[in-house]
Amino acid sequence: MHRSLSPAQLIFHRGVKTRLFVKGISFSTTEATFKEAFRKYGEVVEASIIRNKDNGRSKGYGYVAFATSDDAVRALDDMNGKLLDGRVVFVDLARPIRHFDSDMPIARGPPEPMVPAVDE
């Protein structure tokens, strides 16, 4: 049925969108360099490197979003395992953020200490 499609294309044909997760990014890679590395595969809508909130340093991973799934397929197939700024990067499908059910209990700190039973 889909014999001529690559594994990435099969995944995209099942409804996965255009956002990719990239790990192994060099700590010295800039957002501009990161975006430019993926631009050759098509229109990059978003490219962001995730940074530490406290010191602004790269965490070594980021996300790239393309205008079309065909562009994302090409980038996934070609960039996975390639060098970017001297480091091998690994490209995968970005997983959607999981939202918790509203019925799910929320932890509100440590449990209350247990008080031993007192016999009267």
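Within this structure, residue 33 passes the test of being surrounded by 13 or more Cβ atoms within 10 Å (Cβ to Cβ), at pLDDT 90 or above, of a type in the set (Ser, Thr, Tyr) and in a helix (DSSP H, G or I).
Limited to segment 36-78, what total is found for residues that are assigned to a strand (DSSP E or B) and of a type in the set (D, E, K, R)? The number of residues fulfilling the criteria is 3. Selection of segment 59-90 for residues being at pLDDT 95 or above and polar (S, T, N, Q) yields only 80. Can you spot a residue in segment 1-22 that is at negative phi, modelled with pLDDT of 95 or more, in contact with a Ser or Thr (Cβ under 9 Å, 6 or more places away or on another chain) and not basic (Lys, Arg)? Checked segment 1-22: no residue is at negative phi, modelled with pLDDT of 95 or more, in contact with a Ser or Thr (Cβ under 9 Å, 6 or more places away or on another chain) and not basic (Lys, Arg).
Checked against the criteria, residue 100 does not count as of a type in the set (Phe, Trp, Tyr) and either within 17 Å of the chain's Cα centre (by Cα) or modelled with pLDDT of 75 or more (or both).
The values are calculated or read from the model by the stated rules, or taken from the named source; none is laboratory data. Computed from a prediction, not measured in an experiment: that's the story for all the values here. Quick reminder, even Gly has a Cβ in these numbers, built from the backbone with ideal geometry, and neighbours come from all protein chains shown.
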